[in-house]
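Let me begin by presenting the structure, written as structure tokens, before commenting on it.
The values are calculated or read from the model by the stated rules, or taken from the named source; none is laboratory data. This one's a predicted model, so the numbers in the text were calculated from it and none came from an experiment. Cβ coordinates were reconstructed from backbone atoms using ideal geometry, including for glycine residues, and neighbour counts include every protein chain displayed. When the accessible area is computed, the model is the full protein with side chains, heavy atoms only, and any ligands, DNA or RNA have been set aside. Shrake-Rupley method; radii C 1.70, N 1.55, O 1.52, S 1.80 Å.
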Amino acid sequence: MKHQIGGHDENNFSYSYDLIEGGPLGDKLEKISYENKFEAAAGGGSICKSSMKFYTVGDNVITEDEIKALIKGSEGVYKPVEAYLLANPESCN
């Protein structure tokens with residue numbers, strides 16, 4: 001997979017990037033844009049708010065089920081990271 005970094009904002013704890021080649025793009029998608037923002041959680045820790053934008057090739061349409069599968073695939077990246085950070089909080093110091 002090939003990603004292109006869109007930017008980051010250290011003051012707002014956010015970053016963006018695009019998936020531009022490979023992975024789940026197939027023939028229907030030109031790219032997927034990701035935006036992530038981290039916010040302090042009320043009980044401590046942080047919350048990551050994520051959004052994904054899908055850019056189709058030509059007149060292709062992606063179904064609700066395809067979108068759900070793409071989101072689930074992205075969650076597959078975050079869950080192991082979350083588990084590691086919860087088990088190793090000192091790694092963030």
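How about segment 28-49: which of its residues are open to solvent by less than 70 Å² (accessible area, probe 1.4 Å), modelled with pLDDT under 90 and not in a loop (DSSP other than H, G, I, E, B)?
Matches in segment 28-49: Cys48 only.
Keeping to segment 40-93, report how many residues are among the aliphatic types (A, V, I, L, M) and in contact with a Cys (Cβ under 8 Å, 6 or more places away or on another chain).
The qualifying residues number 1.
I'm trying to understand the selection: among the residues of segment 59-78, which are within 23 Å of Gly6 (Cα to Cα) and either of a type in the set (Gly, Ala, Ser) or open to solvent by 60 Å² or more (accessible area, probe 1.4 Å) (or both)?
Ile71, Lys72, Gly73, Ser74, Glu75, Gly76, Val77, Tyr78
Could you list all residues from segment 42-75 that are of a type in the set (Asp, Glu) and over 10 Å from the mean Cα position of the chain (by Cα)?
Correct list: Asp59, Glu64, Asp65, Glu66.
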